[in-house]
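Note sheet for the following structure.
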Amino acid sequence: MVISGKELAASLKRDMAAQVATFEEKYGRVPHLTVVLVGDNPASVSYVTGKSKASAEVGIKNTTIRKDASISEEELLQLIDNLNNDNSVDGILIQLPLPAHIDENKVIAAINPAKDVDGFHPANVAGLWLKQPCVLPCTPKGIIKLLKKAGVEIAGKNAVVIGRSNIVGLPVSKLLLNENATVTIAHSRTHNLAEVARSADILVVAIGKPRFVTADMVKEGAAVIDVGVNRDPESGRLCGDTDFAAIEPKASVITPVPGGVGPMTICCLMENTIECFLAQRGKIR
Ligand code: NAP
């Protein structure tokens, strides 16, 4: 079964739109997401456009602030401080990556954690690991929703996550652990990766290498989540980290690229913006 993140995201966005439609009357305004884009990296421009489109679908106010790549770190930090203190802004997202002269960690740490819709601020990361109220990062949150929607039982299962980045591998591992899976985190130094991957009932791949995971690395009946977004070196088309065509007949469920995890990431960004808006109004997350 191919799990369509596109369909699930569309249905969740419709539900959110119905919820947001009641906010004007209940709270006097709708949630407001501010996205800051530094420079003109084409991938970043496209991601920011996607976020603006999704906001319009859900009825969230979206402001995109574009800054030249030459902006100084100090100016960017000042902009974030202004947004932190602006009561009309509920969510702040700084589109990554930033130009090399700007310290991304410093920038992320400058965002008010209550407005950190990406869930990257150290306070939110700590909240995830300590199981305290926090903003969950969008991609890992979307992956758990996809697995649940597909009816994949997580508790007690062996989950293998290939990749240990702060934005995908590590947080998705923790969310799977919270769902009572037994989790193995694999990475570039893992010995016998194929063997480790074959032990997975749930295999999450977040590496960034086109079709790296081949069918012989997947156990019959495994649930496969492909997070990768790559360009196929031959066709130039978007492709994931797994050999989808070869693995699909073997897997119980699998996500396609495009149309799998990607749409869920944006959908969860919308959900996080609504949650930040409500939390700031004393409604629990
Ligand atoms: P990243 O920070 O570059 O991390 C890649 C991870 O893969 C690292 O932990 C690395 O191991 C591991 N790795 C690299 N080569 C490997 C190998 N040969 N064997 C085993 N592990 C290997 O990447 P990321 O930010 O997590 O992103 C991963 C992919 O997901 C990218 O394609 C990215 O575009 C995509 N992505 C998609 C979404 C979405 O919404 N769909 C969101 C975020 C990212 P080491 O730690 O040992 O170096």
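The values are calculated or read from the model by the stated rules, or taken from the named source; none is laboratory data. Note that the structure is predicted; figures quoted are calculated from it, not measured. When we count neighbours, we look across all protein chains shown, and the Cβ atoms used for this are built from the backbone with ideal geometry, even at glycine. Accessible surface areas use protein heavy atoms only, side chains included; no ligands, DNA or RNA. Shrake-Rupley method; radii C 1.70, N 1.55, O 1.52, S 1.80 Å.
Would you mind pulling out the separation of the Cα centroids of the stretch 180-194 and the stretch 48-87, in Å?
About 37 Å separates the Cα centre of the stretch 180-194 from the one of the stretch 48-87.
List the lysines whose alpha-carbon lies under 26 Å from that of Lys250, not counting same-chain residues fewer than 8 positions away?
Lys6, Lys141, Lys145, Lys148, Lys149, Lys157, Lys209, Lys219
Carbon and sulfur: what percent of the stretch 1-130's accessible surface (1.4 Å probe)? Walk me through the intermediate numbers first.
On the way: 3470 of 6480 Å².
Here carbon and sulfur together make up 54 percent of the probe-accessible area.
From the Cα gyration tensor of the stretch 1-140, with a ≥ b ≥ c the square roots of its eigenvalues, which class applies: rounded if a/c is under 1.5, or else prolate if a/b is larger than b/c, or else oblate? Present the calculation step by step, with values, prior to reporting the outcome.
Details: a/c = 1.42, a/b = 1.39, b/c = 1.02.
Verdict is rounded for the stretch 1-140.
When each pair of different Cα atoms in the stretch 146-194 is counted once in the 1/r mean, what is the Kirkwood radius in angstroms, to one decimal?
Working: mean 1/r = 0.0884 Å⁻¹.
Evaluated over the stretch 146-194, this radius sits at 11.3 Å.
Before I look further, what does the stretch 199-285 give for accessible area per residue, probe 1.4 Å, in whole square angstrom?
Values: 3540 Å² over 87 residues.
Accessible area per residue: 41 Å².
DSSP loop trypsin sites (Lys or Arg not before Pro) in the stretch 91-173 with at most 13 other Cβ atoms within 10 Å of their Cβ, which ones?
Values: sites: Lys106, Lys115, Lys131, Lys141, Lys145, Lys148, Lys149, Lys157, Arg164; in loops: Lys131, Lys157, Arg164.
For trypsin sites (Lys or Arg not before Pro) across the stretch 91-173 that sit outside H, G, I, E and B with at most 13 neighbouring Cβ atoms in 10 Å, the list reads Lys131.
Rg to Rh for the chain: what is it, with Cα atoms only and Rh by Kirkwood? It would help to have the intermediate numbers written out before the result.
Values: Rg = 19.0 Å, Rh = 19.6 Å.
Expressed as Rg/Rh, it is 0.97.
With a 1.4 Å probe and every protein chain left in place, tell me how much accessible area Met1 has, in Å² to the nearest 10.
Around 120 Å² of this residue is reachable by solvent.
Counting only DSSP beta bridges with both residues in the chain, what percent are antiparallel, rounded to the nearest 5?
Close to 5 percent.
Counting other Cβ atoms within 10 Å, keep those with at most 12, restrict to DSSP loop, and tell me which chymotrypsin sites (Phe, Trp or Tyr not before Pro) in the stretch 177-285 are left. Please report the intermediate quantities before stating the final value.
On the way: sites: Phe212, Phe244, Phe277; in loops: Phe212.
Passing sites in the stretch 177-285 do not exist.
Of all accessible surface on the stretch 200-285 at a 1.4 Å probe, what whole percent is carbon and sulfur?
Working: 1890 of 3490 Å².
Looking at the stretch 200-285 in its full context, I get 54 percent from C and S.
Suppose accessible area is computed on protein heavy atoms with a 1.4 Å probe; arrange Asp241, Asp40 from highest to lowest. Walk me through the numbers before you get to the answer.
Working: Asp241 0, Asp40 115 Å².
Output order, biggest surface exposure first: Asp40, Asp241.
Unpartnered cysteines of the chain (Cβ-Cβ under 4.7 Å counts as a partner)?
Cys with no partner Cβ under 4.7 Å: Cys134, Cys239, Cys267, Cys276.
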